[in-house]
Amino acid sequence: MSSIYEIKARIKSVESTEKMTKTMKLVSTSKMHQTQSRLYKIEGFAEKCRQAMGMVVSDISGEECPLMAKREIQKTCYVLFVGNRGLCGAYNTDVVKYLYSLIACEEKEYCTVICGRWSGEYGPAKKLNVLRLFGDMEDVPSQEKTTELSAFLKELYISGQADRIVLVYQKRAALSQRPRQLQLLPIEATEEGAAGEFIFEPDKLSLVNTITSMYVDSTVATTLLEAKVSEHFARMTAMTNAIDNADELLHELNLTLNRTRQAKITTEISEIVGGANALRNGE
């Protein structure tokens with residue numbers, strides 16, 4: 001049986017760990033709310049971009065709009081969104097495994113663009129054909145970072161370095177997250193309305209190029225924010241579980257401490273009584 005000193009030292013250690021996990025949970029909760037607030041603001045704009053794009057691109061060819069140009073797929077670029085650190089359950093490993101499953105089915109050449117420090121630091125990036133690592137993404141992404149990522153992906157596609165760009169990320173659904181993929185480029189035309197009903201200024205092609213570029217920007221921003229919301233939620237859930245486990249362990253350690261203390265007191269009383277009886281018998 002452990003000594004009282006050892007049990008108290010372990011209790012102190014668990015209490016320190018619990019304080020740290022509670023702090024991390026509060027930080028993750030705050031970051032999740034900030035990111036979620038930004039996501040709500042941009043989701044409406046992204047949806048309007050998609051609707052507007054569907055109204056004007058129906059009869060536009062890929063030669064006129066570079067972001068809609070469809071080519072024979074010789075090389076696919078997967079954009080992987082991971083967290084900046086661990087301590088978020090299976091969030092990072094699940095999305096990396098999902099990417100591996102997509103690559104396993106890939107018959108053509110591929111490359112990856114990784115957003116987040118975790119993958120570069122802990123190994124998965126070393127096993128992938130990484131074209132670029134955006135390791136400086138904030139926990140609450142700024143517009144500058146999303147614009148930088150979007151501009152890089154557009155240039156990657158227009159220059160012909162990739163014939164298809166697919167976003168791979170975790171999307172929060174109810175109380176869980178699930179990995180998913182979303183084709184970013186080439187843009188798939190949708191039918192949202194009849195283009196002939198509108199008058200375009202200065203001209204339709206200029207409008208199409210502007211709207212498609214805005215659509216890519218808003219889609220990248222929305223995806224990055226959704227991935228970050230899922231990451232913060234996963235870390236918040238992991239810290240909640242850690243706090244519950246710490247509480248349970250503290251309860252068990254306190255019971256053990258009380259039992260050990262009681263056993264020690266009982267032993268001391270028995271020794272005192274035994275000593276007194278020995279003295280009495282000696283007299």
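The values are calculated or read from the model by the stated rules, or taken from the named source; none is laboratory data. Bear in mind that the values here come from a model prediction, so they are computed numbers and not experimental data. Cβ: placed from backbone, ideal geometry, glycine included. Neighbour counts: every protein chain shown. With ligands, DNA and RNA removed, areas are computed over all heavy atoms of the protein, side chains included. Shrake-Rupley method; radii C 1.70, N 1.55, O 1.52, S 1.80 Å.
Going by the conditions given, is Pro186 within 29 Å of the chain's Cα centre (by Cα), at pLDDT below 90 and farther than 30 Å from Asn84 by Cβ?
yes
When we screen Val82, Val27 for residues that are of a type in the set (A, V, I, L, M, F, W, C) and either without any contact (Cβ under 8 Å) to a residue 24 or more places away in the chain or open to solvent by 20 Å² or more (accessible area, probe 1.4 Å) (or both), the only hit is Val27. The listed residues are Thr17, Thr76, Thr35, and the only one of them that is open to solvent by less than 70 Å² (accessible area, probe 1.4 Å) and either assigned to a strand (DSSP E or B) or among the small types (Gly, Ala, Ser) (or both) turns out to be Thr76. Could you tell me whether the range 196-215 includes any residue that is more than 34 Å from the chain's Cα centre (by Cα), of a type in the set (A, V, I, L, M) and part of a helix (DSSP H, G or I)? Checking the range 196-215: at least one residue is more than 34 Å from the chain's Cα centre (by Cα), of a type in the set (A, V, I, L, M) and part of a helix (DSSP H, G or I). Evaluate the following for Arg50: is it open to solvent by 50 Å² or more (accessible area, probe 1.4 Å), within 23 Å of the chain's Cα centre (by Cα) and of a type in the set (D, E, K, R)? In short, no.
Please pick out the residue among Arg261, Arg178 that is at pLDDT 80 or above, over 23 Å from the mean Cα position of the chain (by Cα) and open to solvent by 50 Å² or more (accessible area, probe 1.4 Å).
Values: Arg178 fails: over 23 Å from the mean Cα position of the chain (by Cα).
Only one candidate qualifies: Arg261.
Do we have Ala46 as at pLDDT 80 or above, at negative phi and not in a strand (DSSP E or B) here? Yes; evaluated as a whole, the condition is true for this residue.
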